[in-house]
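Okay, so here's the structure we're looking at.
The values are calculated or read from the model by the stated rules, or taken from the named source; none is laboratory data. The structure presented is a predicted model; accordingly, all values stated were derived computationally and were not measured. Here the Cβ is made from the backbone with ideal geometry for all residues, glycine too, and neighbour counts use every protein chain on show. For the accessible areas, the whole protein counts, side chains as well, though only heavy atoms, and no ligand, DNA or RNA atoms are used. Shrake-Rupley method; radii C 1.70, N 1.55, O 1.52, S 1.80 Å.
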Amino acid sequence: MSSSPLETPEGAARLAESLLPPLGNRWLHTQAVAKRAEGAAQAVTADDRDLLVAAAWLHDIGYAQELRQTGFHPLDGARYLQSLGASRRLVCLVAHHSGAVYEAEQRGLTDELAVYDREDSPLLDALIFADMTTGPAGQSFDFDDRIDEILVRYEPGSEVHTAISTARPYLGGAVRRTLARLEGQPK
């Protein structure tokens, strides 16, 4: 049972829709990540499926201009969700989506991110899968094409380029584990 409407796909979608549409492609990306998470839900336990989709809806809310504090969207999004009384687990999933620790290192925000626990679980893997197989305008990508797209979009030496390059093996592992879990499910 969810402790807050934010842990439901519907509640999370409403919050995302209240913040992200002005960001154009970011909103298209978020909608597609949520849809991808719905399709990957069989990779997690039944109890975690709504939380996966909710986290997918909320993973990029930290990009909303009104939420920017540090300029690091996983941290800004997590802090905002915490201020709304979201569950610790949802807050931590948003804080650590898609290898955020690697970019936090580049930005000098490791200590700030460390207050949020990273769960190494099928749930975080599936959230990474949904994000790392969805392009910036909602396109469906395989993992390597998505990583290559990010590396082209961000200048070599930038925080994001360096972080994604370093995180690639970690992110690829999460994607492979999710695909393996999905392949093991009854059709």
Discussion item. Can you tell me which residue is most open to solvent (accessible area, probe 1.4 Å) among those in the stretch 76-86 that are in contact with a helix residue (DSSP H, G or I) (Cβ under 6 Å, 6 or more places away or on another chain) and not acidic (Asp, Glu)?
Written reply: Gln82
Worksheet item: What number of residues within the stretch 1-47 are basic (Lys, Arg) and either without any contact (Cβ under 8 Å) to a residue 12 or more places away in the chain or surrounded by fewer than 14 Cβ atoms within 10 Å (Cβ to Cβ) (or both)?
Response: 2
Worksheet item: Any idea which of (1) more than 19 Å from Ser121 (Cβ to Cβ); (2) out of contact with any Lys or Arg (no Cβ under 8 Å at 6 or more places or on another chain); (3) not small (Gly, Ala, Ser) is the one Asp60 doesn't satisfy?
Response: (2)
Discussion item. Condition (residue is within 20 Å of Ala16 (Cα to Cα), in contact (Cβ under 8 Å) with a residue 40 or more places away in the chain and assigned to a helix (DSSP H, G or I)) applied to the stretch 115-122: is it met by at least one residue?
Written reply: no
Worksheet item: Is at least one residue of the stretch 134-157 without any contact (Cβ under 8 Å) to a residue 40 or more places away in the chain, among the aromatic types (Phe, Trp, Tyr) and closer than 21 Å to Arg36 by Cβ?
Response: yes
Worksheet item: Restricting the search to the stretch 77-106, which residues are hydroxyl-bearing (Ser, Thr, Tyr) and without any contact (Cβ under 8 Å) to a residue 40 or more places away in the chain?
Response: Tyr80, Ser83
Response to the item:
Within the stretch 158-187, the residues that are hydrophobic (A, V, I, L, M, F, W, C) and closer than 19 Å to Ala37 by Cα are Leu171, Ala174, Val175, Leu179, Ala180, Leu182
Worksheet entry | Enumeration of residues in the stretch 53-77 that are within 11 Å of the chain's Cα centre (by Cα) and either of a type in the set (Asp, Glu) or assigned to a helix (DSSP H, G or I) (or both) | Val53, Ala54, Ala55, Ala56, Trp57, Leu58, Asp60, Ile61, Gly62, His73, Pro74, Gly77
